[in-house]
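Participant: Once you've had a glance at the structure underneath, I'll fire off some questions.
Just so it is clear, none of the values below were taken in a lab; they were calculated from the coordinates. Since the model is a prediction, treat every value here as computed from it, not as a measurement. Every residue, glycine as well, gets a Cβ built from its backbone with ideal geometry; the counts of neighbours run over all protein chains shown.
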Amino acid sequence: MKNLIHKTIDKVVRWNKQWPNAVIFWSGGKDSTVLLHLLKFKCGIDIPVVQFRQPKFRERYAYSDKLIKDWQLTMYEYPAFKHTLADGPDVHTGDVRFDLLHYFQWGQNSIVLSLGTERPKANEPFMCGVDDFLMRPTGTFNFPWNAVWIGTKGGDTDLMKGQLSLSQDIRHIDGNPVSLYLLKDWTDEDVFEYLETNNVQPDPTRYVKGKHGWMNNPDKSLNADFYPVCLNCVDRHQGPHVNCPKLKAKITNISHLAPYEDIVIPDLGFKPVTWNNKEE
C-alpha cells in the first residue's frame, strides 16, 4: 500500500503541475472519496468538487453532506441538458435493468452519466420515469475547468456492460476537459484498505463489512447510486397496456416514444449491450 500511495502521489504532483485548474467528479462512493482524500489531505490540494444530484430523495446525500461540512469542501452541482434511457440484461442475474442517462455540459461538448434504478417496492416512494426524469427541467453550464479528476478504476464493473477496461491514465478529447484517472491501477481492496488506514468511513448506505471483507450493501433504500423508479409506461419489454402506480390505472405503453440509447465508448470499456449473446 505504501508503494502504491507513493506512486499515486507522484502522479498527482506531475499532473497537478500540468493542469492546476481542475475539479473532482465526486459521487460520494468509495473510489471518488479516496481520490478526494488523496488530493486534499495527502497532497494539500484544496480542489472543488462537482456532485450531480437528483432533485428528489435528498436524504440519500447525508454522507456527502457530512463530508462537505467536515472537510470544508466547495461543492458545485448543475442540471443536465438532456435525459435518456438505457436498458440491458443485468450481468449477474440476466434480468432487464434500466439506467437513467444524464447529459451534462462538459467543456464544448457533453459527458453522459448513468444512474441505476430499482423497481419500486410496495408502498415505497418512487420517481416517475416520465414526470420526474424525462420531463424534468434542463439547463447548460459554463464549465470553467480544463481538467477533471475521476475515480474510475481499470477493473470496475458496470451492471449492464460488465467488466470495464480503462485503457489510459489521461484521456484527451478535442473540446473536452482532460480526464485524469488517478486510480486506474487500484483495486477495490486497495481502496478499502486506504479508507480504513486513514480512518475514513465509507458510505454505510453503499458498503458494509462482513466476515469476508467489504461488500456492496444489499439494502439500496438510501443508496444514492440507485433510485426506485417506475418506468412501466416506457418499458419496451412490456405489453401495450401497463399499470401506472402513480395514477392507479391501466394506461398505454408509450415506450416507442421514449429516448433509448446504448452508450458505447470503447476506450473506457463500454461495449454494446448484448441480449442473449446477440447484439440488439
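Participant: Using every alpha carbon pair in the stretch 2-279, what percent of pairs falls into each 5 Å bin from 0 up to the bin containing the largest distance?
Facilitator: 1, 5, 11, 15, 18, 18, 14, 9, 5, 3, 1, 0, 0
Participant: 5 Å is the cut-off here: which amide hydrogens, built 1.01 Å from N in the peptide plane, fall below it relative to Val178, excluding neighbours closer than 5 in sequence?
Facilitator: Correct list: Ala147, Val148.
Participant: Another one. In nm, what is the difference between 0.36 nm times the number of residues separating Tyr78 and Asn199 and their Cα-Cα distance?
Facilitator: Full-extension gain reported as 40.5 nm.
Participant: Give the long-range amide H neighbours of Gly29: residues separated by 5 or more places, or on another chain, with amide H under 5 Å away, using H modelled in the peptide plane at 1.01 Å from N.
Facilitator: none
Participant: Apply the Karplus curve 6.51 cos²θ - 1.76 cosθ + 1.60, θ = phi - 60°, to the phi angles in the stretch 176-191 and return the couplings in whole Hz, x for Gly and Pro.
Facilitator: Ordered by residue, 3J(HN,Hα) equals 10, x, 6, 9, 10, 9, 5, 9, 3, 9, 7, 10, 4, 4, 4, 4 Hz.
Participant: Here is a follow-up. Looking at the stretch 120-219, which GluC sites (Glu not before Pro) are in a loop (DSSP not H, G, I, E or B) and have at most 10 other Cβ atoms within 10 Å?
Facilitator: none
Participant: Under a point spin-label approximation (7 Å from Cα along Cα-to-Cβ), what is the Asn21-Asn276 distance to one decimal in nm?
Facilitator: If labels sit at Asn21 and Asn276, their model points lie 5.3 nm apart.
Participant: How much FRET efficiency would the formula 1/(1 + (r/R0)^6) give for Ile5 and Glu118, where r is the Cβ-Cβ distance and R0 is 45 Å, rounded to 0.05?
Facilitator: The formula returns an efficiency of 0.80 here.
Participant: Any idea how far the Cα center of the stretch 222-268 sits from the one of the stretch 198-219, in Å?
Facilitator: Measuring centre to centre over Cα atoms gives 30 Å.
Participant: May I ask you to derive the FRET efficiency for Trp71 and Thr252 from their Cβ-Cβ distance with R0 = 45 Å, giving the value to the nearest 0.05?
Facilitator: Efficiency computed from Cβ-Cβ geometry: 0.40.
Participant: Oh, and also: Stretched out fully, how many nm does the piece from Glu261 to Asp219 gain, at 0.36 nm a residue minus the Cα gap?
Facilitator: In short, 12.3 nm is gained.
Participant: I need the chymotrypsin sites (Phe, Trp or Tyr not before Pro) found in the stretch 154-257, filtered to DSSP loop residues with at most 10 other beta carbons within 10 Å of theirs.
Facilitator: Within the stretch 154-257, no chymotrypsin sites (Phe, Trp or Tyr not before Pro) qualify (loop, at most 10 other Cβ atoms within 10 Å).
Participant: P(r) for the stretch 188-280: what percent of alpha-carbon pairs falls in each 5 Å bin, starting at zero?
Facilitator: For the stretch 188-280, the binned pair fractions read 2, 10, 12, 12, 13, 16, 14, 10, 7, 4, 1 percent.
Participant: Using θ = phi - 60° and the Karplus form 6.51 cos²θ - 1.76 cosθ + 1.60, what ³J(HN,Hα) does each residue of the stretch 96-106 get, whole Hz, x for Gly and Pro?
Facilitator: After applying 6.51 cos²θ - 1.76 cosθ + 1.60, I find 5, 10, 10, 10, 9, 9, 10, 9, 10, 4, 8 Hz.
Participant: Let me ask something else. Between Thr93 and Asp46, with labels modelled 7 Å along Cα→Cβ, what's the label distance in nm to one decimal, could you check?
Facilitator: Here the modelled spin labels are 4.7 nm apart.
Participant: Also, I was wondering about something else. Multiply the residue separation of Asp185 and Ser167 by 0.36 nm, subtract the distance between their alpha-carbon atoms, and state the gained length in nm to one decimal.
Facilitator: Gain on stretching Asp185 to Ser167: 5.4 nm.
Participant: Compute the relative contact order of the stretch 2-279 as a whole-number percentage, counting only Cα pairs closer than 8 Å that sit 6 or more residues apart in sequence.
Facilitator: For the stretch 2-279, the relative contact order is 20 percent.
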